[in-house]
Amino acid sequence: MTMPEQRERVVVVTGASRGIGRAITLDQVGRGRHVVAVGRTEASLADTVAHGGGRITTVLADSAEPDSMGAVGDQVLTRCGRLDAVVACAGVHGAEAPVAKLATAEWTEALTINVVAPAQLIRGCIPHLAANPAGGHILLIGSNASVRSPTGFAAYNATKAALHSLMRTLSRELDKEAIAVNELRPGPTNTSLLGGREDSVAASLLSGIGKAFGREWIKTAEDVAAAAGFLLDLPPTGTTGQTLTLNRYE
Ligand SMILES: NC(=O)c1ccc[n+]([C@@H]2O[C@H](COP(=O)([O-])OP(=O)(O)OC[C@H]3O[C@@H](n4cnc5c(N)ncnc54)[C@H](OP(=O)(O)O)[C@@H]3O)[C@@H](O)[C@H]2O)c1
């Protein structure tokens, strides 16, 4: 385990093992922050840590067990001594089926991982952000699916709509604190969540999205991380309750 320098800002990132969360982790390290990379296993985080130049501490938690996410904030304080920002990025696309076929367990899994887990993560972090004289940031990784509502993805769409509402409510509950609460909607980004199983499948899905939305911007995870970095660089007493959407369309 590496300890941050006393003056280094400490940023927690869930979903740090791959995709957008991994890119945000490494972007934050590049901006001189110490990152607490949250993942399910040490093995899944190993590659991210290997690229972190000794500025990454790992904490294990599973979004399917939200209480483990609720315990992350205290672990960060014990191990790093301060907490400056929380990025809730871990998420699943969930079952692909029309509402008429979605089972209770499929709804429950998506809601637990995409909504309850970030809410519990944040619950556990709020006291430590509020106690930080430098203020703090909470950044939720949402999705335009929350408003575009593509068919066949009702559970995912609903979880991201709930996440937006969580962000809005939190920003108002914390408006007396120096804590900014915002949402970043990446739009189509070339990660395993969008494409996936094989490169050829991913490529055809991504080109389909490009065609369906004219000239949609198909991003890399690093493009999204740069936008997250912009939001996390704003003053904690500045922009709050806002959504930054990286799409060209809708
Ligand atoms: N890619 C896109 O086009 C897109 C568009 C809009 C929004 N987003 C959002 O961006 C976020 C990141 O997605 P991504 O594209 O980077 O997907 P990804 O490459 O599939 O990564 C998903 C991340 O979530 C973690 N995760 C999944 N289930 C978990 C659990 N039960 N407990 C802890 N961690 C868990 C994964 O960890 P493991 O390695 O352990 O599985 C992984 O780090 C998601 O919230 C997604 O909804 C993505």
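The values are calculated or read from the model by the stated rules, or taken from the named source; none is laboratory data. Everything numeric in this text was worked out from a predicted model, so none of it was measured. Every residue, glycine among them, receives a Cβ derived from its backbone with ideal geometry; neighbour counts consider all protein chains shown. Calculation scope for accessible area: heavy atoms of the full protein, side chains included, ligands and nucleic acids excluded. Shrake-Rupley method; radii C 1.70, N 1.55, O 1.52, S 1.80 Å.
Obtain the nm distance between the two label points defined at Thr41 and Arg7 by a simple spin-label model: each point lies 7 Å from its Cα along the Cα-to-C-beta direction.
Going from the Thr41 label point to the Arg7 one covers 4.1 nm.
I need the peptides 100-113, 127-140, 15-28 ranked by packing, meaning the mean over residues of other C-beta atoms within 10 angstrom, with the highest value on top.
Per-residue Cβ counts within 10 Å, averaged per peptide and sorted highest first, yield 15-28, 127-140, 100-113.
Starting from the Cα of Glu173, step 7 Å toward the Cβ, then list every residue of segment 133-152 with an amide N under 15 Å from that point.
So the set is 138-140.
Mind counting lysine pairs for me in the chain? Cα separation below 29 Å, and the two need to be 8 or more apart along the chain or on different chains.
6
Over the chain, what is the relative contact order in percent, taking alpha-carbon pairs closer than 8 angstrom and at least six residues apart?
Across the chain, relative contact order equals 19 percent.
Let me know the shape class of the chain, please: from the alpha-carbon gyration tensor, a ≥ b ≥ c as square roots of the eigenvalues, rounded when a/c is under 1.5, otherwise prolate if a/b is greater than b/c, or oblate.
Prolate, since a/c reaches 1.5 and a/b exceeds b/c.
Calculate the spin-label point distance for Ala226 paired with Ala64, positioning each point 7 Å from the Cα along the beta-carbon direction, and give it in nanometres.
Label-label distance for Ala64 and Ala226, simple model: 3.6 nm.
In debye, nearest 20: dipole of the chain around its Cα centre with unit charges on the Cβ of K, R (+) and D, E (-)?
Magnitude of the dipole: close to 420 debye.
Find how much the distance from Ala71 to Ile209 grows on full extension, using 0.36 nm per residue of separation minus their present alpha carbon separation; answer in nm with one decimal.
Answer, rounded to one decimal: 45.9 nm.
Ignoring ligands, DNA and RNA, what percent of the 1.4 Å accessible area of segment 1-114 is carbon and sulfur?
Reported share for carbon and sulfur atoms: 52 percent.
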